[in-house]
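The values are calculated or read from the model by the stated rules, or taken from the named source; none is laboratory data. These numbers come from a predicted model, not from an experiment. Cβ: placed from backbone, ideal geometry, glycine included. Neighbour counts: every protein chain shown. SASA here: full protein model, heavy atoms, side chains in, ligands and nucleic acids out. Shrake-Rupley method; radii C 1.70, N 1.55, O 1.52, S 1.80 Å.
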Amino acid sequence: MALAARMDRLGTETAFAVSLAAADWAAKGHRVYPFHLGDIDLATPANIVEAMNRAIADGKTGYCPAAGVPALRAALAENIGTDRGMELQAENIVVQTGGKPVITKFVQTLVDPGDGVLFPNPGYPIYESQVEYYGGTPLPYRYIETPTGFAIDLDQLRELAPHAKALIYNNLQNPLGCESSMDEMQAIADLAIEHDLWVLSDEAYFEMRYAGESTSIAALPGMAERTVILYTFSKKFAMTGWRLGCAAAPIEVATMIAKINTNDESCTTHFVQEAGVEALRDPSGAAPMLTELQRRRDAAVAAIAGIPGVSCATPDSTFYLFPNVTVAMAMTGFTDVGDFATAALHETGVSFCTRRHFGRPQPDEEQQYIRFAYSGIGVDDITEGLGKLGDWIGSAS
Ligand code: PLP
């Protein structure tokens, strides 16, 4: 008996293999410094937890509307619209079990087999997986390293855009930690309008910033009617395991996504949605988390500055750093970034993902990169772990 042929095209988050390797190393009695996790080791604010407990006690434990409970849809429309300077109605909002389902539902709703879909590479690996799974033609676009971070290769994007029906855009980017200048964002919006593309704006990190203000591409002229926003409670409120997010979409798309909800999970857990209403009513618990994450970013950037052969910019948003390790690999005698990561784990206990965990590398890539997430490790361990990494690389030269 054979599995469905499309299963061959289903990708995954290979970063979970890094977690397994780290757990295995720790189980053997070694100290591990976890820079691989995109999860947050901070507690969900108490008012949100209490609201969920109240909702369970009040019996909000049954099925509820597929598109989400009215109070949450209204609160999300108000919140997402105000933060982005857009007009949104409750009908634009379809509640989801996290932000991730918006990716598959965007593809299911708008991409036919053979349609080209542009997506960032390096980027969140689920884009590539879902586009290929549903028979879309993958059109990965690259980033160029700059003195202040990374910029989208707009020349490549302009070449690819005529072949696309949809564009996935992740400003405040995982894994790069970078964000578009206003000029870059406008150039992408211009391309989307010129080629009449549907756009998925993955805004998972919209609120995770330490300086400046986030802008949504959906708020630029001519974009609201073609853009689906991926919104999530996961990062902002340290609610990764609760599974709560939404799509904010043009009404015809939102209606179809709600229909997929009915076919798929029926609804998002009612009492979790009530907790979401409270999170939006009183989001004050999010601010201390950002302060802590900023301390971690500063500690990590300072420690990396002391590691020979490793360099990275200081992002104003996300909780990721994407250092260039080309020189450090040469110093330690590695040509394969996976081997470098394994040796670093075994020699220093520092565990991290590499560029390879974020989409299939493009053929002409020469520089080597790794990703440090600082959402699951405190300041003292950041400094200690990266100090050990620096000593190991330094001693090999
Ligand atoms: N998009 C990006 C860029 C992410 O990094 C993540 C999670 O790490 C998600 C979407 C999905 O997050 P969730 O499903 O927890 O909302």
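The table that follows gives values for the structure above.
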{"quantity": "Filtered residue count, the range 366-397, keeping only those that are without any contact (Cβ under 8 Å) to a residue 60 or more places away in the chain and surrounded by fewer than 17 Cβ atoms within 10 Å (Cβ to Cβ)", "calculated": "4"}
{"quantity": "Filtered residue count, the range 153-183, keeping only those that are in contact (Cβ under 8 Å) with a residue 12 or more places away in the chain and within 25 Å of ASP316 (Cα to Cα)", "calculated": "19"}
{"quantity": "Subset of the range 308-352 (residues that are assigned to a loop (DSSP other than H, G, I, E, B), aliphatic (A, V, I, L, M) and open to solvent by less than 10 Å² (accessible area, probe 1.4 Å))", "calculated": "VAL325"}
{"quantity": "Filtered residue count, the range 222-254, keeping only those that are away from the ligand (no atom under 15 Å from the Cβ) and touching a helix residue (DSSP H, G or I) at 6+ places or on another chain (Cβ under 8 Å)", "calculated": "10"}
{"quantity": "Qualifying helices (runs of 4 or more DSSP H) (wholly inside the range 45-126; at least 2 residues being outside the structural domain of PRO250 (by TED's automatic domain parsing) and not small (Gly, Ala, Ser))", "calculated": "46-57"}
{"quantity": "Residue check, PHE150 in a strand (DSSP E or B), in contact with a Cys (Cβ under 9 Å, 6 or more places away or on another chain), within 16 Å of the ligand (Cβ to nearest atom) and touching a residue at least 12 places away in the same chain (Cβ under 8 Å)", "calculated": "yes"}
{"quantity": "Residue ID - nearest to LEU220 (Cα to Cα), chosen from residues in the range 168-193 that are open to solvent by less than 40 Å² (accessible area, probe 1.4 Å) and more than 15 Å from the ligand (Cβ to nearest atom)", "calculated": "ALA189"}
{"quantity": "Criterion (closer than 26 Å to CYS353 by Cα and in contact (Cβ under 8 Å) with a residue 40 or more places away in the chain) met by exactly one of GLY135, GLY99", "calculated": "GLY99"}
{"quantity": "Cβ pairs under 7 Å, 6+ apart, first in the range 232-252 and in the same structural domain as GLN96 (by TED's automatic domain parsing), second charged (D, E, K, R) and assigned to a loop (DSSP other than H, G, I, E, B)", "calculated": "LYS236/GLU207; THR240/ASP39"}
{"quantity": "Members of the range 42-60 that are among the acidic types (Asp, Glu) and surrounded by fewer than 12 Cβ atoms within 10 Å (Cβ to Cβ)", "calculated": "ASP58"}
{"quantity": "Members of the range 61-108 found to be open to solvent by 40 Å² or more (accessible area, probe 1.4 Å), of a type outside the set (Lys, Arg), under 20 Å from the mean Cα position of the chain (by Cα) and closer than 30 Å to TYR133 by Cα, listed by number", "calculated": "THR97, GLN108"}
{"quantity": "Extreme residue, nearest to the ligand (Cβ to nearest atom), among residues of the range 125-135 that are within 14 Å of PRO101 (Cβ to Cβ) and either crowded, with 23+ Cβ neighbours inside 10 Å or charged (D, E, K, R) (or both)", "calculated": "TYR127"}
{"quantity": "Any hit, the range 14-37, residues being open to solvent by 30 Å² or more (accessible area, probe 1.4 Å), touching a helix residue (DSSP H, G or I) at 6+ places or on another chain (Cβ under 8 Å) and under 21 Å from VAL107 (Cβ atoms)", "calculated": "yes"}
{"quantity": "ALA396 of a type in the set (A, V, I, L, M) and at pLDDT below 95", "calculated": "yes"}
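Here is a yes/no grid of residues against (1) assigned to a strand (DSSP E or B); (2) touching a Phe, Trp or Tyr at 6+ places or on another chain (Cβ under 9 Å); (3) surrounded by fewer than 18 Cβ atoms within 10 Å (Cβ to Cβ):
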{"position": "MET239", "(1), (2), (3)": "no, yes, no"}
{"position": "CYS246", "(1), (2), (3)": "yes, yes, no"}
{"position": "GLU252", "(1), (2), (3)": "no, no, yes"}
{"position": "ALA258", "(1), (2), (3)": "no, no, no"}
{"position": "GLU265", "(1), (2), (3)": "no, no, yes"}
{"position": "THR268", "(1), (2), (3)": "no, no, no"}
{"position": "GLU274", "(1), (2), (3)": "no, no, no"}
{"position": "SER284", "(1), (2), (3)": "no, no, yes"}
